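One structure is given below, encoded as structure tokens.
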Amino acid sequence: NVKILIDKKEAVLLPLTINVYPFKLVKMDKNLYIYTYKYKTDTLDNLLKDWIDQRCHGMTMSTLPIPMERSGDIKREELVPVLETYKKANFEQPYFHLELDNRITCEWLNAPDKSTKPPMWGAWFRYYPFSDFLDKRYVETVKFINEEAKKLGLKPMLAVADEAGSHAWTIEATKHYNALIKRELPEVIRELTVGGGWASNEPEHQHWKGLLDIWTTNRWLADKIDMVKNSDKNAKFQLYNMGGSGSEAGSNQAARNLYGFFAWKTKVIGASQWVYYNSDTPANCYAWPAEDEKDGKVGTLKWEAVREGAKDLKYVLTLEKLINEKKGKPADIEAAKKYLSDLSYKIELKADSYDIESGGRIKSQREGTYEQWRDKIAEFIVKLTVNF
């Protein structure tokens, strides 16, 4: 039983049954993460708590905040402790998401600049005019971070911009800095959030052709994604911000589906969402500070749904592995394959508009459905292992 106390007095006694399955889930080989916002020099302990909390909620990597001077220069002596702290979090993947933009190559404007071509339509990044000085500083910054990360067995996943296609004045800068890093530091992984540009009639498949390793799409526009695949057989894809209408957190079911069965059906290499915690945009948060902020973060129901989604993904990947290895009796293998095929049919990949009922850009199942799917998958895993 679980006893809930209010003012140190028993308020509720809940019966609890724990079902422990006799098998081990596969190690996650996908990039599951949630954006972690802002950096302060005195928060290494809190950063570690946040990252451990994320790992315990199924995240296999995270974003890395970079200590910067207002001039745009990196604080090199502060970066190494941040990397060492990240290493301590012990994520399953060696990667960290690295955004290098504000103050290095651009500035954030709360009041949009209408003189840009095209003009800014809202608060966003405005990139500085290109120069040899900025190019050199950018390359040196990425090189330093990459070399220090390599010493710890870590790898940056670099984003030179954010949602560049849907903020058209950033397109040329995004092309420029991706081409620069590709030429000067080709071993560094280049990633970009896409989808908003396609939705705004920008040909992102042409804008970023040959410049990206990973296309992280916030809309599942199958025809556009196929164009990328046809022109680049090595292109990889991730999901982003489909748990809500955009940056908003959305519903519990949508958050779970994003990191779980939707990520499975799309065969992407990862999924991410904005944002773990940001005091400026509370509607977007998946976690909140404890009463004493030194104690770390307290998860919301959506954050717990993310954990369940990551578990869903592990369960289905475990069953797929057993099927591929032909573990179990032939009849049980065929039954498991049919069950997964039936599940795949039920998962809709239409994700180009906000769905009010599901609370996300992706269609989600009714409450309780994913639990039923996972329980059945667990039964098949038992049949293909314990009973074989």
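Taking the stretch 40-59 as the range and being assigned to a loop (DSSP other than H, G, I, E, B) and touching a residue at least 40 places away in the same chain (Cβ under 8 Å) as the test, the residues that pass are 57, 58, 59. Only one entry of 86, 37 meets the criterion of being touching a residue at least 40 places away in the same chain (Cβ under 8 Å) and open to solvent by 70 Å² or more (accessible area, probe 1.4 Å), and that entry is 37. In the stretch 2-12, the count of residues that are farther than 30 Å from residue 136 by Cα, part of a loop (DSSP other than H, G, I, E, B) and of a type outside the set (S, T, N, Q) is one or more. The numbered conditions (1) among the acidic types (Asp, Glu); (2) part of a loop (DSSP other than H, G, I, E, B); (3) buried (at least 21 other Cβ atoms within 10 Å of the Cβ) are all true for residue 312 except (2).
If you filter the stretch 13-34 down to residues that are assigned to a loop (DSSP other than H, G, I, E, B) and touching a strand residue (DSSP E or B) at 6+ places or on another chain (Cβ under 9 Å), you find that the one that is least open to solvent (accessible area, probe 1.4 Å) is 30. Residue count for the stretch 13-60 satisfying the condition of being of a type in the set (A, V, I, L, M) and out of contact with any Leu (no Cβ under 9 Å at 6 or more places or on another chain): 10.
Restricted to the stretch 258-269, and to residues there that are in a helix (DSSP H, G or I) and touching a helix residue (DSSP H, G or I) at 6+ places or on another chain (Cβ under 7 Å), the residue that is nearest to residue 377 (Cα to Cα) is 261.
Residue pairs whose Cβ atoms lie under 8 Å apart, separated by 6 or more positions or on different chains, with the first residue in the stretch 142-167 and within 17 Å of residue 104 (Cβ to Cβ) and the second among the basic types (Lys, Arg) and in a helix (DSSP H, G or I), are 144/76.
Within the stretch 349-356, can one find any residue that is assigned to a helix (DSSP H, G or I), out of contact with any helix residue (DSSP H, G or I) (no Cβ under 8 Å at 6 or more places or on another chain) and surrounded by fewer than 21 Cβ atoms within 10 Å (Cβ to Cβ)? So far as the stretch 349-356 goes, no, none of its residues is assigned to a helix (DSSP H, G or I), out of contact with any helix residue (DSSP H, G or I) (no Cβ under 8 Å at 6 or more places or on another chain) and surrounded by fewer than 21 Cβ atoms within 10 Å (Cβ to Cβ).
A quick yes/no check of all residues on (1) touching a helix residue (DSSP H, G or I) at 6+ places or on another chain (Cβ under 9 Å); (2) free of Cβ contacts under 8 Å to residues at least 40 places away in the same chain; (3) part of a helix (DSSP H, G or I):
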| residue | (1), (2), (3) |
| --- | --- |
| 206 | yes, yes, yes |
| 211 | yes, yes, no |
| 216 | no, no, no |
| 219 | yes, no, no |
| 229 | no, yes, yes |
| 249 | yes, no, no |
| 253 | yes, no, yes |
| 256 | yes, no, yes |
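Within the stretch 173-186, residues that are closer than 16 Å to residue 131 by Cα reach partners that are charged (D, E, K, R) and in a helix (DSSP H, G or I) with beta carbons closer than 9 Å, at six or more positions or on different chains, in the pairs 176/135; 177/135; 180/135; 184/135; 184/143.
Pairs meeting the criteria (first residue in the stretch 60-80 and within 30 Å of residue 26 (Cβ to Cβ), second residue open to solvent by 40 Å² or more (accessible area, probe 1.4 Å) and assigned to a strand (DSSP E or B), beta carbons under 6 Å, at least 6 apart or on different chains) are 61/95.
The values are calculated or read from the model by the stated rules, or taken from the named source; none is laboratory data. Keep in mind that what you see is a predicted model, and the values were worked out from it rather than measured. Neighbour counts are summed over all protein chains in view; Cβ atoms, including those assigned to glycine, are modelled from backbone coordinates with ideal geometry. To get the accessible areas, we keep the full protein, side chains included, count just its heavy atoms, and leave off ligands, DNA and RNA. Shrake-Rupley method; radii C 1.70, N 1.55, O 1.52, S 1.80 Å.
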